[in-house]
Amino acid sequence: MITKKYFLYFPRSETEKPLVYHLVKDYDLVINIFRAKVTPDEEGYLILDITGTEENIAQGIAYIKTLNVTVNETVRGLRWDEDKCVSCTNCIVHCPTKALYIADQKTKRIAFDEEKCIECLSCVKNCPFNACTSVF
Amino acid sequence: MKTYDEINKKIESKKAVVLNAEEIIDYVEKKGIETAAKEVDVVTTATFGPMCSSGCFLNFGHSKPKIRITEAWLDDVPVYSGVAAVDVFLGATQLRYNDPANMYYPGDFKFGGGHVIEKLVAGESVQLFGLSYGTDDYPRKEVRTWFTINDLNQAIMVNPRNCYQNYNVAINCSDKPVYSYLGKLKPNMTNATFCSAGQLSPLLNDPLYKTIGIGTRVWLAGAHGHVYAEGTQHSPVCERGENNVPTEGAGTLALTGDMKRMKKEFVRGVSFIGYGVSVALGIGIPIPVLNKDILRHTLIKDRDIFAPVVDYSSDYPNATGNIITKVSYEELRRGTITIEGKEVEVGSLSSYNKALKISEILKDEIKRGDFLISQPIQSLQLDKQMTSLKIINGTKQDINNL
């Protein structure tokens, strides 16, 4: 069993398909949704972890792609802009998973670990420098 | 031991020995104060953080026909135009027109004066909208145009209060969130925020204002500006600890500099959820090592500098003057402090990372002979305390009878 994180983008026409249902039922996958914005007749986004056998995940993803959904393994819904970050460390207390962390104690430089980010968006609200933004 | 002139001659001949306020600590430990005072010429200090009492005067030049602007907006942010015809003052905390502010609490405060200042320094285009009642000599009644900082005759940053000597650590003792200029403070003392560069901070390295005074040349976001006055709320009479370092706000500086020479990395608009907008600035100040006494003051370490922890849910807004305890910058920078037996996570709004970078940039400029030090033309006052505003109720008659 492995777990992979995916960023799905739904074009306007495809937001009414019960995609998660089919992933669970037909491909025996465990779904953990971090964040979703799927509104009928509008474009949509879904960020989730998929857990299952490598084969089942591959088949499930192939199925999603037949629905005209864009599947991306590298894109994240939360963006941290290194150039905008001033490393003030205000975010540290607001990030529940320590995805934003002090990478160098001597210089107090902040870094962002995408893998730890659960997209709670707390940093988006709390960063005075607008270094954290959400794709949707 | 050394004079300003002697140090400047060494700087001009690119032979000055310059260390930042962090490096000097180890240097003196190794070499001893006597030798270090002879060898080292300048110690660089720096800070980077939100500084609300900042802004700039802009001059647009005259349009044809001329206008005497009486009301104006830059990217919809109101500016003060109660000065000459095409001069305005843009303040850092001015909110954009029509921003809902805290109407939908806590507000986002996406854009304001600080952001316009950032855009100007970055060389981006900004829209000017100005109105006037029209006069014989200034007949135009409206102006709407785009400009960049290069189109302006002058863009002079004029900041009534920067570089607070020390600052509060904010905490929230209540059971609901507090939204402040020190960020979001979670209920029940869950987090604390501080805002100082500690051992790198300019006035903590010159606690009695021996070298930093009116006329001192400073590195203001990349420009070579200067101290033009004591800062507003300058309040040097306060509790002081080790080496005369204040354990509360204390001194402040009023700074000015040419915005056209500033670097965008060190001028940043900021938005505080539920509070408002401001600007964050990077400032570096050189301390000339004139004698042992001045050098000794630059040796202050984070562990010897203390800041008051204040409850921003009650004591701060009600100006009670109460403090919960005092904590050192060493503890603050470590990331947790213990308040009334509880471990509290700490964040900062001042960037030590940027402050270090500025102290290095300034060091390099001095070493290259590009930044000369200047002797103050007047010292900052040492015998002053901040007064509060008295609220007087009643009619003018009552006041006359007081």
Count of residues meeting criterion [in contact with a His (Cβ under 9 Å, 6 or more places away or on another chain), within 16 Å of residue B:273 (Cα to Cα) and open to solvent by 10 Å² or more (accessible area, probe 1.4 Å)] in segment B:156-199 | 2
The strands (runs of 3 or more DSSP E) lying wholly within segment B:9-127 that contain at least 3 residues that are open to solvent by less than 30 Å² (accessible area, probe 1.4 Å) and either of a type in the set (Asp, Glu) or without any contact (Cβ under 8 Å) to a residue 60 or more places away in the chain (or both) are B:87-91
Please enumerate the residues belonging to segment B:338-363 that are crowded, with 23+ Cβ neighbours inside 10 Å and more than 10 Å from chain A (Cβ to nearest Cβ).
-> B:358, B:359, B:362
Check off (1) of a type outside the set (A, V, I, L, M, F, W, C); (2) touching a residue at least 24 places away in the same chain (Cβ under 8 Å); (3) within 11 Å of chain A (Cβ to nearest Cβ) for residue B:186 and give me the number that stays unchecked.
-> (2)
Inside segment B:128-144, can you point out the residues that are loosely packed, with under 13 Cβ neighbours inside 10 Å and part of a strand (DSSP E or B)?
-> B:142, B:144
What is the number of the single condition among (1) within 19 Å of the chain's Cα centre (by Cα); (2) farther than 25 Å from residue B:275 by Cα; (3) surrounded by 15 or more Cβ atoms within 10 Å (Cβ to Cβ) that residue A:120 does not meet?
-> (2)
Is it the case that some residue within segment A:92-112 is surrounded by fewer than 18 Cβ atoms within 10 Å (Cβ to Cβ), more than 8 Å from chain B (Cβ to nearest Cβ) and touching a residue at least 40 places away in the same chain (Cβ under 8 Å)?
-> no
Go over the candidates B:111, B:147 one by one and state the one that is within 14 Å of chain A (Cβ to nearest Cβ) and among the aromatic types (Phe, Trp, Tyr).
-> B:111
Here, strands (runs of 3 or more DSSP E) confined to segment A:1-71 with at least 1 residues that are open to solvent by less than 20 Å² (accessible area, probe 1.4 Å) are A:2-10, A:44-52
Are any of the residues in segment B:88-105 at pLDDT 95 or above, in contact with a strand residue (DSSP E or B) (Cβ under 9 Å, 6 or more places away or on another chain) and farther than 30 Å from residue A:133 by Cβ?
-> yes
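Conditions tested, residue by residue: (1) at pLDDT below 95; (2) closer than 24 Å to residue A:134 by Cβ; (3) among the aliphatic types (A, V, I, L, M).
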position: A:43; (1), (2), (3): yes, yes, no
position: A:66; (1), (2), (3): yes, no, no
position: A:83; (1), (2), (3): no, yes, no
position: A:103; (1), (2), (3): no, yes, yes
Is it true that some residue in segment A:63-82 is within 10 Å of chain B (Cβ to nearest Cβ), out of contact with any helix residue (DSSP H, G or I) (no Cβ under 7 Å at 6 or more places or on another chain) and under 21 Å from residue B:49 (Cα atoms)?
-> no
Inspect segment B:247-266 for any residue being open to solvent by less than 10 Å² (accessible area, probe 1.4 Å), in contact with a helix residue (DSSP H, G or I) (Cβ under 6 Å, 6 or more places away or on another chain), β-branched (Val, Ile, Thr) and on the phi < 0 side of the Ramachandran plot and give the result as yes or no.
-> no
Turns out the strands (runs of 3 or more DSSP E) fully within segment B:159-264 with at least 1 residues that are β-branched (Val, Ile, Thr) and closer than 23 Å to residue B:388 by Cβ are B:169-171, B:178-180
Quick check: anything in segment B:280-291 away from chain A (no Cβ under 14 Å) and open to solvent by 10 Å² or more (accessible area, probe 1.4 Å)?
-> yes
Considering only segment A:72-91, state which residues are more than 15 Å from the chain's Cα centre (by Cα) and buried (at least 20 other Cβ atoms within 10 Å of the Cβ).
-> A:85, A:86, A:87, A:88, A:89, A:90, A:91
Kindly list, by first and then second residue, each pair from a residue in segment A:63-85 that is at positive phi to a residue that is open to solvent by 20 Å² or more (accessible area, probe 1.4 Å), limited to pairs with Cβ atoms under 9 Å and residues at least 6 apart or on different chains.
-> A:68/A:11; A:68/A:13; A:68/A:14
Note on segment A:122-136: residues more than 23 Å from residue B:49 (Cα to Cα) and either within 14 Å of chain B (Cβ to nearest Cβ) or touching a Gly at 6+ places or on another chain (Cβ under 6 Å) (or both) are A:134, A:135
Those residues of segment A:72-106 which are in a loop (DSSP other than H, G, I, E, B) and of a type in the set (Asp, Glu) amount to A:73, A:81, A:82, A:83
Inspect all residues belonging to segment A:86-93 and state whether any of them is farther than 30 Å from residue B:190 by Cβ and of a type in the set (S, T, N, Q).
-> no
Since residue A:34 meets every condition but one in (1) in contact (Cβ under 8 Å) with a residue 60 or more places away in the chain; (2) within 14 Å of chain B (Cβ to nearest Cβ); (3) not hydroxyl-bearing (Ser, Thr, Tyr), which condition does it not meet?
-> (2)
Look at residue A:133 and say whether it is under 25 Å from residue B:267 (Cα atoms), open to solvent by 40 Å² or more (accessible area, probe 1.4 Å) and either assigned to a strand (DSSP E or B) or not assigned by TED's automatic domain parsing to the domain that holds residue A:35 (or both).
-> yes
Just checking, which of B:275, B:329 is open to solvent by less than 10 Å² (accessible area, probe 1.4 Å), within 14 Å of chain A (Cβ to nearest Cβ) and within 20 Å of the chain's Cα centre (by Cα)?
-> B:329
Tally time: how many residues in segment B:380-393 are of a type outside the set (S, T, N, Q) and surrounded by fewer than 10 Cβ atoms within 10 Å (Cβ to Cβ)?
-> 5
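The values are calculated or read from the model by the stated rules, or taken from the named source; none is laboratory data. No experiment lies behind these values; they were computed from the predicted model shown. As a convention, Cβ positions derive from the backbone with ideal geometry for all residues, glycine included, and neighbour counts pool all protein chains shown. Accessible surface is based on the protein model in full, side chains and every heavy atom, while ligands, DNA and RNA are left aside. Shrake-Rupley method; radii C 1.70, N 1.55, O 1.52, S 1.80 Å.
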